[in-house]
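FYI, it's all coordinate maths here, none of it is from the lab. Every value quoted in this text rests on a predicted model; they were computed, and no experiment measured them. Because the Cβ atoms are built from the backbone with ideal geometry, glycine has one as well, and the counts that use them run over all protein chains shown.
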Amino acid sequence: MKHSLENISEESCNGCGACYQKCPKQCIRMVENDRGFLIPQIGDGCVSCGLCVAVCPEKKNSYSQNEVIEVWAAADIKKENLKESTSGGVFALLAGQILSQNGVVFGCTWNEDFHIKHIKVTQKDDLLSIQKSKYIQSNTADTFKEVQDLLKNNVPVLYSGTGCQIAGLKSYLGKDFDSLYTVEVACHGVPAPGLFIRYIDWLEKKYNTKIVNYTFRNKVKHKKGEHYTFAFEDMTGRKFYKYSNEDPFYAAFLKGKTLRDTCYHCKYKGAGHTGDILLCDFWGIEKAHPDFDAKYGASAVLIYSDKGKHLFKDIPDTAIRKKKSQYETVVACNSSIIKSTDANCKMKYSLNEGNLVERMIPQKSIKNVVKNHIPEWLKYRIIKKM
Ligand SMILES: Cc1cc2nc3c(=O)[nH]c(=O)nc-3n(C[C@H](O)[C@H](O)[C@H](O)COP(=O)(O)OP(=O)(O)OC[C@H]3O[C@@H](n4cnc5c(N)ncnc54)[C@H](O)[C@@H]3O)c2cc1C
């Protein structure tokens with residue numbers, strides 16, 4: 001018997017997991033391919049019902065939420081909260097609203113071995129575990145099923161993730177629910193979780209230690225500046241601060257070399273965004289809104305639905321700084337909102353290569369050396385003056 005999922009090629013699967021979660025016979029497993037991404041594989045028991053293909057968002061037209069209805073520059077009022085977030089900390093403020101209504105928030109976390117997946121959070125104290133961007137593809141695991149059960153009981157739910165994950169969730173649910181809020185994070189593509197584990201092994205060998213903490217955007221002051229360097233910590237509490245453009249994993253990600261195949265022709269761009277709210281870095285804010293203090297990060301908040309508008313509006317003024325902005329202003333400095341990474345950037349690799357991480361080490365460039373040695377406060381002032 002021909003398995004229905006054979007109609008979906010590895011190159012056209014975005015890894016959202018909707019098919020795995022929908023299968024009534026539970027015979028689909030998500031398995032790692034040779035680039036380290038999870039892909040669905042059908043095991044015994046398939047009755048060719050076709051539900052896996054029917055639920056695939058890549059086979060559907062679009063989940064876009066009409067036009068952008070409002071655009072804001074925003075940031076959490078408290079500096080200590082901003083330091084726990086990648087951009088302006090708006091995700092945590094939105095999530096706080098849902099939790100205060102006894103709702104449930106879904107987002108992405110990783111465990112002590114850096115295995116990444118989506119989880120649910122019901123308490124404010126646990127929000128920290130799903131804050132901050134992890135630049136690898138998260139496993140949605142069984143969260144779509146959990147969301148459906150909660151929505152059936154009228155529990156308010158906020159689901160956050162990349163555009164393709166929210167498309168997968170909406171396709172899985174098959175209908176709109178008043179109590180579902182979706183927060184999409186802007187995304188220029190996701191590297192493979194399997195590749196990240198390889199890289200962590202490489203770092204541990206290089207520094208002869210066990211890494212227990214990793215953050216893709218460090219906002220803690222140290223001699224190398226405080227922004228756009230990443231940081232990790234070992235089991236003894238030793239902290240390492242590194243430049244992203246000199247690191248094999250991070251530089252490859254920034255250059256779009258190691259993304260999932262579908263990221264190079266992502267449907268969830270421009271008019272295809274899937275969330276009620278889209279959160280991005282507000283690049284260029286120093287020029288667009290010079291009076292907005294963005295030293296510790298600022299979010300661009302793009303609102304696509306009335307539901308999203310109310311959720312954002314209800315954040316108390318005592319918790320948020322915000323200023324109205326324009327779609328064109330945000331997009332001018334953030335192309336990931338409207339277009340995919342160029343497929344020519346893709347690097348061919350297999351996890352089996354012995355020297356894989358070494359092969360990703362970027363060549364030193366004078367531009368990067370200069371850039372890395374200008375203190376952050378000076379960079380910020382120069383950009384503001386320009
Ligand atoms: C893979 C990836 C690529 C990105 N690329 C861009 C970009 O090119 N341009 C840009 O402007 N912004 C990008 N972002 C979004 C940006 O980094 C921030 O996540 C966003 O601005 C929200 O910031 P915040 O301060 O409000 O909240 P934060 O606390 O920083 O963000 C946390 C939110 O991100 C979600 N999240 C974290 N990691 C993942 C993951 N691996 N998969 C799915 N969801 C995740 C969490 O569930 C939570 O909702 C990217 C994010 C990711 C995860």
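Tabulated values for the structure
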| quantity | calculated |
| --- | --- |
| Exposure proxy ranking, count of Cβ atoms within 10 Å, fewest first, for M360, M235 | M235, M360 |
| Percent RCO, i.e. relative contact order, over the chain, from Cα pairs under 8 Å lying at least 6 residues apart | 23 percent |
| Computed [θ] at 222 nm, helices only, for the chain once each DSSP H run of length n ≥ 4 contributes -39500 (n - 2.57) | -7000 deg cm²/dmol |
| Length released on extending from D342 to E67, taking residue separation times 0.36 nm less the Cα-Cα span | 96.5 nm |
| Linear extension gain, K175 paired with K152, 0.36 nm per residue minus alpha-carbon span | 7.1 nm |
| Inter-centroid distance (Cα atoms) of region 273-334 relative to region 233-263, Å | 26 Å |
| 11 Å cut-off, amide nitrogen to a point 7 angstrom out along K145 Cα→Cβ, residues in region 11-31 | 20-28 |
| Cross-link table K219/K242; K205/K364; K134/K287; K257/K364; K287/K307; K287/K323, entries beyond 24 Å C-alpha to C-alpha | K134/K287; K287/K307 |
| For region 32-103 and region 121-200, distance of Cα centres in Å | 4 Å |
| Computed lengthening from V212 to D291, 0.36 nm per intervening residue step minus Cα-Cα distance | 24.6 nm |
| Long pairs among K124/K175; K59/K267; K170/K267; K206/K367; K295/K371, criterion Cα-Cα beyond 20 Å | K124/K175; K206/K367 |
